[in-house]
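Read through the structure below, which is laid out as structure tokens, and then see the notes.
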Amino acid sequence: MRVRALALGRTRPLLCALALAVLAGPLAATASAQPPSGIVRPDTEPRHASVELGSELFAGNCSSCHGIAGVGIKNARPGAGGVMGQGPSLKNVGAQAPDFYLRTGLMPLDNPHAEPRNNRVLLSDKEIRSLVMYVASLGRGPGIPNPRPQAGNISEGMQLFTQSCAGCHQEDARGGYVTGARVPPLQGYSAREIAEAVRIGPYLMPKFPPSQISDAQLNSIVKYVLSQDHPYNKGGWGIGNIGPIPEGLVIWLIAIPVLLITCLILGRRLRRE
Amino acid sequence: MNESRRSEYAVVVLFGCAVLSAVGFIFVYAWFSPRHMPNSLLGICFGLTLLFIASAIALIGLRLVPNEEREDEYPQEHPEQQQAVVEQLHAAGELITRKRMLLGAGTAAGCALGAAALAPVLSLGPFWNTTALDKTPWRRGKRLVDQNGTPIRADDVIEETFYTAFPEGADMEEIGAPVVLLHLDPAKLHLQYGRKRWAPRGIIAYSKICTHAGCAVALFRKPTFTPVQPAEALVCPCHYSTFDPYTGATVLFGPAGRPLPQLPLMIDRSGNLRAAGNFTGRVGPAWWNVLEKPI
């Protein structure tokens, strides 16, 4: 009984905070997009990246959810900052996964139930390299891939992208939705990050091992995705390249009224003469 | 032959051309199969129909309908002038000497255009004998191959990703051909009674064609950390019908009305995946009676 009362007491302020966050709307959203406690750093950081620095940063910023030494936490338990920590083990993820998640700002996450988003990266390059070294040292796993998009073929890349990626990310890599989550647009990522995502399958994305997409094919896919950063719009205005609905809106709401007004002006002039 | 008579014939010829190109449109639509439809030819035929009708109408307006404007005083005081106007009006009507011929040609062109617009009705059906829709290329013992025709080995099918497979030697574009192949945790599978052995080692196959509108079910939602993230699901990108792969692709969300048909699988002695039978139900979009008539 007492335990339950305690638990209720703890959840009520949380609920109130949640309600407040909803009411505050966009302001609160931008604020809560960052980890509530910020990044915890050791008092004196060494000059170079090292496993030791990585270990200290991990203990302060990641272990609430990923557990001590990255063993993972299966059942939620309270960690730093009052967050109910829960997260997967990082034992054999190698250097690839931490490099991807940290450089894209998907991690650290302020709450394990939240959908990872591309938040502002609060860690310095040195700190990221230290964390990657530390996580890679926890077990054996894949290293950071080194794609060479210049060796790829853009038309093969488009074909492969259509087969394996466009179902969620759309033909032009503008992103979309899957039931229960958002699918990110792929603009602004580096070749390395794109290759890492294909191999890891972050969040709800399936992973594509070399048996399914070879390294040569991956080069082509990366080349195609990079080409979609600034697509060549044959028709002129791309309208965000997000498909037929905005195109239709532009036709009905802008182009047709402009034509009608032109007709009216022409008609009035003719009548005057 | 005077000029107005010539214009009349020109109008009739134009309407005739419109009829011919509309009939051409219907012929092209009926002749070619949907997969080899020459879209540009269809467009040209339909465009020509509209163009001919438009020119015929323009010609009538320019040559046969008088468009003279007269501004006169109120003519009551000048009976002679009134008479002149009346005569002019009669003379104008005389420009059209073959009213019925023109009307007939115009009606024919209009009907042909309407028929061309209705031509896609030919794609509906089959109406009476629907057994062709039940046929799929899958048989017991058919090997599963990838899009290059290479047989798929059970050992190569790993978890946390998805594959598209086809029956060996069959037309890949047939609606009953493609299946989505997953490797799931066998301990989490909850298949219906009678399907227990259809997913050897947790390798499971469903029709890739959505049961709502026939799109390819191209999305596989795969959580990285199951306790806090949405569970595995097959999702159709067209209208977000969401299917649970653990329970026989039952519908979790969206407009689909029935599960994706499951393809029973087995592993042969050399480790290749083979079909152990045909689908559990009709492949593709729903229509009337679809639930009552399983394969």
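Structure above, values below:
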read-out: Counted residues, the stretch B:113-158 - those being among the β-branched types (Val, Ile, Thr) and closer than 30 Å to B:GLY24 by Cβ; value: 1
read-out: Matching option when the condition is away from chain A (no Cβ under 14 Å) and part of a helix (DSSP H, G or I), among B:ALA177, B:ALA115; value: B:ALA115
read-out: Residue ID - surrounded by the most Cβ atoms within 10 Å (Cβ to Cβ), chosen from residues in the stretch B:146-158 that are more than 9 Å from chain A (Cβ to nearest Cβ) and outside any helix (DSSP H, G or I); value: B:VAL157
read-out: Among (1) acidic (Asp, Glu); (2) touching a helix residue (DSSP H, G or I) at 6+ places or on another chain (Cβ under 7 Å); (3) part of a loop (DSSP other than H, G, I, E, B) - the single one A:ASP229 does not satisfy; value: (2)
read-out: Filtered residues of the stretch B:180-210 (kept if touching a residue at least 60 places away in the same chain (Cβ under 8 Å) and at positive phi); value: B:ARG201
read-out: Residue check, B:HIS190 loosely packed, with under 12 Cβ neighbours inside 10 Å and under 19 Å from B:PHE220 (Cα atoms); value: yes
read-out: Filtered residue count, the stretch A:74-83, keeping only those that are out of contact with any Cys (no Cβ under 8 Å at 6 or more places or on another chain) and either buried (at least 21 other Cβ atoms within 10 Å of the Cβ) or within 13 Å of another protein chain (Cβ to nearest Cβ) (or both); value: 4
read-out: Residue in the stretch A:207-221 that is in a helix (DSSP H, G or I), out of contact with any helix residue (DSSP H, G or I) (no Cβ under 8 Å at 6 or more places or on another chain) and at pLDDT 90 or above present; value: yes
read-out: B:THR161 vs. criteria in contact with a strand residue (DSSP E or B) (Cβ under 6 Å, 6 or more places away or on another chain), touching a residue at least 12 places away in the same chain (Cβ under 8 Å), within 11 Å of chain A (Cβ to nearest Cβ) and on the phi < 0 side of the Ramachandran plot; value: no
read-out: Hey, A:TYR177 at negative phi and in contact with a Ser or Thr (Cβ under 9 Å, 6 or more places away or on another chain) or not; value: no
read-out: Qualifying positions in the stretch A:118-131 - under 24 Å from A:GLN187 (Cβ atoms) and assigned to a helix (DSSP H, G or I); value: A:ASP125, A:ILE128
read-out: Failed criterion for A:GLY236 (all others in (1) touching a strand residue (DSSP E or B) at 6+ places or on another chain (Cβ under 6 Å); (2) part of a loop (DSSP other than H, G, I, E, B) hold); value: (1)
read-out: Options B:LEU219, B:LEU181; residue that is surrounded by fewer than 23 Cβ atoms within 10 Å (Cβ to Cβ), closer than 30 Å to A:ALA97 by Cα and in contact with a strand residue (DSSP E or B) (Cβ under 7 Å, 6 or more places away or on another chain); value: B:LEU181
read-out: A:ASP99 vs. criteria of a type in the set (D, E, K, R) and touching a helix residue (DSSP H, G or I) at 6+ places or on another chain (Cβ under 6 Å); value: yes
read-out: Test: residue in the stretch A:63-71 that is surrounded by fewer than 19 Cβ atoms within 10 Å (Cβ to Cβ), out of contact with any Cys (no Cβ under 7 Å at 6 or more places or on another chain), touching a residue at least 12 places away in the same chain (Cβ under 8 Å) and within 14 Å of chain B (Cβ to nearest Cβ); value: yes
read-out: All positions within the stretch B:139-158 that are without any contact (Cβ under 8 Å) to a residue 40 or more places away in the chain and under 13 Å from A:SER211 (Cβ atoms); value: B:ASP146, B:THR150, B:ASP156, B:ILE158
read-out: Residues within the stretch B:67-102 that are surrounded by 14 or more Cβ atoms within 10 Å (Cβ to Cβ) and either under 16 Å from B:TYR9 (Cβ atoms) or at pLDDT below 75 (or both), tallied; value: 7
read-out: Pairs with Cβ under 9 Å, 6+ apart, first in the stretch A:201-222 and away from every other protein chain (no Cβ under 12 Å), second β-branched (Val, Ile, Thr); value: A:LEU218/A:ILE194; A:LEU218/A:VAL198; A:SER220/A:ILE154; A:ILE221/A:ILE194; A:ILE221/A:VAL198; A:ILE221/A:ILE213; A:VAL222/A:ILE194; A:VAL222/A:VAL198
read-out: Residue pairs meeting the criteria (Cβ under 7 Å; at least 6 apart or on separate chains; first touching a residue at least 40 places away in the same chain (Cβ under 8 Å), in the stretch A:44-59; second assigned to a helix (DSSP H, G or I) and of a type in the set (Phe, Trp, Tyr)); value: A:VAL51/A:TYR134; A:GLY54/A:TYR134; A:SER55/A:TYR134; A:PHE58/A:TYR134
read-out: Candidate set: the stretch A:87-101, residues that are assigned to a loop (DSSP other than H, G, I, E, B) and at negative phi; chosen: the one surrounded by the most Cβ atoms within 10 Å (Cβ to Cβ); value: A:LEU90
read-out: Selection status of A:GLN159, of a type outside the set (Val, Ile, Thr), within 11 Å of another protein chain (Cβ to nearest Cβ) and farther than 26 Å from B:GLN229 by Cα; value: yes
read-out: A:GLU156 farther than 21 Å from A:PRO98 by Cα and at pLDDT 90 or above; value: yes
read-out: Among the residues listed as A:PRO147, A:PRO185, A:PRO142, the single one being touching a residue at least 60 places away in the same chain (Cβ under 8 Å), not β-branched (Val, Ile, Thr) and not in a helix (DSSP H, G or I); value: A:PRO147
read-out: Residue list for the stretch B:118-145, filter: in a strand (DSSP E or B) and touching a Lys or Arg at 6+ places or on another chain (Cβ under 6 Å); value: B:ARG143
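Let's see how each residue does on (1) at pLDDT 90 or above; (2) crowded, with 17+ Cβ neighbours inside 10 Å:
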{"position": "A:GLY85", "(1), (2)": "no, yes"}
{"position": "A:ARG103", "(1), (2)": "yes, yes"}
{"position": "A:ASN111", "(1), (2)": "no, no"}
{"position": "A:ARG117", "(1), (2)": "no, no"}
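For every residue, the table says whether it meets (1) surrounded by fewer than 17 Cβ atoms within 10 Å (Cβ to Cβ); (2) under 20 Å from the mean Cα position of the chain (by Cα); (3) under 30 Å from B:THR280 (Cα atoms); (4) of a type outside the set (A, V, I, L, M, F, W, C).
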site	(1), (2), (3), (4)
B:ALA112	no, no, no, no
B:VAL121	yes, yes, no, no
B:LEU124	yes, yes, yes, no
B:THR130	yes, yes, yes, yes
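The values are calculated or read from the model by the stated rules, or taken from the named source; none is laboratory data. None of these values were measured; they are calculated from a predicted model. Please note: Cβ atoms are built from the backbone with ideal geometry, for glycine as well, and neighbour counts cover all protein chains shown.
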